[in-house]
Amino acid sequence: MFRPTLPAYDIEDWSSRPFPERLKMVCQSWAADGYGTPLAIYLLYALKIGSYIGMWVWFCTFTPGNTLDTFGSWWASDDAFAKAILWTMLFEGLGLGCGSGPLTGRYVPPLGGALYFLRPGTTKLPFVPGLPIVGGHRRTLLDVVAYAGTLGVLVAALTAPTVETLDLVPLLVLVPLMALGDKTLFLVFRSEHYLSAVIVLLFVDDWVAGSKFVWMAIWWWAATSKLNRHFPAVMGVMTSNAPFTRGTPLRRWVYRDFPHDLRPSRTAAAMAHFGTLVEYGVPLALLLSGGGPVTSVALFVMVGFHLFILFNVPMGVPLEWNVIMIYGALVLFGVHAAVPISSISQPALWAWLIGFHVLLPAFGSQFPRYVSFLLAMRYYAGNWAYNVWLFRHGSEHKLDRLTKWAPSVRQQLSVLYDDHTITAVASKVMAFRVMHILGRAVHPLLARTVDDIDDYEWIDGEIVAGLALGWNFGEGHLSHQQLLQAIQSQCGFEEGEVRCIMVESEPFFGSSVQWRIWDAAQGQLHAGQLPVDDLVDMHPWGETA
């Protein structure tokens, strides 16, 4: 029940072949079976979603009169909505949501989060490196206290009869304070959504209209981010990995000529463009309809849109986020359909919403190196910064010098599987990266990075971040040179032992991507740009079409 679907080829034979051949074989295996995740793992994620919803209901029962029997009368109340935001923020902050479990390289233990953030000495990424008191790269007691205090404030608000202003204000201090010491935590708590929603809740008379603005911004910026050449490939990667497409021809239809040409097909492009239209058009219908049949149909479609993502169980597992997007849509655009965004009366709220949800994402989309893709709301669009870490064989064991909770992925899997199975599972991460358009930038850069790739072990930056920081969710800025320098100061790699390929996102009005090559001991070795056109025409394994 917990055995993964293994590639059709013999692992020993695969391991003996040249690297380009191995990469092609593992990409073809991904196209056929995705990550090969056991079905039991999906069941565990489903149980986690059920627990997430159940705990929200339990927190809501602290309000007098709220019982399961009266659920229909309070599920969309002001306090229920506020507690949905706060509980999701706590859930994510504990490390239980995005970036948890086997689909993010976490097996034993299945989460990082609080295990790391409550432990002094673990690695962190300060917002301003070198800043007195909070600017070091190892977690201090102050960092732990700030994090624990944030958890305490959230629990106190969730167990209160009603959510008051005084329950929310401390979060406006604690979350930025945590971020000053470790910018990872600002992302862990999904501040671009939930902290902003908390700020909106402070404007009691405008919280419905303000929350509608937040939801609309998320939908429209997510749609805007998909206006690129990367998103059709995402549809193929996700479809090949989805539990409900097993045994269906759809897994073949999303590629031009499975298994020989795994570039996205017209079917994948049509799916991508249709999804983008839905994410633009249906929220617009919700915004303008103000109730009635149009609103009902639009809500039905939007719920289906998020359920589609949910049931595909994408890597990174933003599952609970899709649940609260559905809940918010029903409350804000269903129950409160008649409240227009234009009814916002507070200039300060307008300033916050425009600055944080319009200007910041616009800047981050055009200058992605300066802004997290989460803050820029460039969600599942395939255009993410990433890093590939290459460890000379044997040197990866120096990572054990870090203060952390999780051993390497291979060590975690050794509790569950034999060596051949572990090799097969680990190799799929490499395929996931290059199946995306931007991931193919590694091919022309490998020869600049190392003399012989067979002398090195490929470990995706996502895995390194999860191991060292306790959290990873597709944010390449968490595993680039700042993390490399923090790890180097603790592990002391020799020259040539660790080389990193760092690739930035494509700017919205750009046509190329920036790349850098770093050595852990020497620093930056090379930098340049690659035309995205070259990557679009390239097969996942590096051959030019």
Quiz item: Of all the residues that make up the range 518-538, how many are surrounded by 19 or more Cβ atoms within 10 Å (Cβ to Cβ) and either out of contact with any helix residue (DSSP H, G or I) (no Cβ under 6 Å at 6 or more places or on another chain) or part of a loop (DSSP other than H, G, I, E, B) (or both)?
Solution: 3
Quiz item: Name the residues in the range 275-314 that are closer than 19 Å to PRO340 by Cα and of a type in the set (Phe, Trp, Tyr), would you?
Solution: TYR280
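Just for helices (runs of 4 or more DSSP H) wholly inside the range 1-107: which have at least 2 residues that are of a type in the set (Phe, Trp, Tyr)? Steps first, please.
Numbers: elements: 11-15, 19-33, 39-60, 71-74, 78-93.
Result: 19-33, 39-60, 71-74, 78-93.
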Practice problem: Identify, from the list ARG106, ARG138, the residue that is in contact with a strand residue (DSSP E or B) (Cβ under 9 Å, 6 or more places away or on another chain) and over 25 Å from VAL208 (Cβ atoms). | Solution: ARG138
Exercise. Using the structure shown, decide if ARG392 is crowded, with 16+ Cβ neighbours inside 10 Å and either among the charged types (D, E, K, R) or touching a strand residue (DSSP E or B) at 6+ places or on another chain (Cβ under 8 Å) (or both).
Key: yes
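Are there any helices (runs of 4 or more DSSP H) wholly within the range 421-517 with 3 or more residues that are over 21 Å from PRO368 (Cα atoms) and more than 21 Å from the chain's Cα centre (by Cα), and if so which? First the steps, then the outcome.
Details: elements: 442-449, 461-469, 481-491.
Correct list: 442-449, 481-491.
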Quiz item: Within the range 134-151, restricting attention to residues that are touching a helix residue (DSSP H, G or I) at 6+ places or on another chain (Cβ under 7 Å) and not in a helix (DSSP H, G or I), which residue is nearest to GLY316 (Cα to Cα)?
Solution: HIS137
Exercise. Give the range 366-402 a look and list any residue that's within 19 Å of ARG499 (Cβ to Cβ), under 20 Å from the mean Cα position of the chain (by Cα) and not hydroxyl-bearing (Ser, Thr, Tyr), or say none.
Key: ALA385, ASN387, VAL388, TRP389
Quiz prompt | Test for ARG499: is it modelled with pLDDT of 95 or more, closer than 21 Å to TYR456 by Cβ, among the basic types (Lys, Arg) and crowded, with 22+ Cβ neighbours inside 10 Å | solution = yes
Self-check item: Out of LEU111, LEU154, sole residue that is of a type in the set (A, V, I, L, M), out of contact with any strand residue (DSSP E or B) (no Cβ under 6 Å at 6 or more places or on another chain), assigned to a loop (DSSP other than H, G, I, E, B) and surrounded by 19 or more Cβ atoms within 10 Å (Cβ to Cβ)
Solution: LEU111
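The values are calculated or read from the model by the stated rules, or taken from the named source; none is laboratory data. This one's a predicted model, so the numbers in the text were calculated from it and none came from an experiment. So basically every Cβ, Gly included, is an ideal-geometry build from the backbone, and we count neighbours across all protein chains shown.
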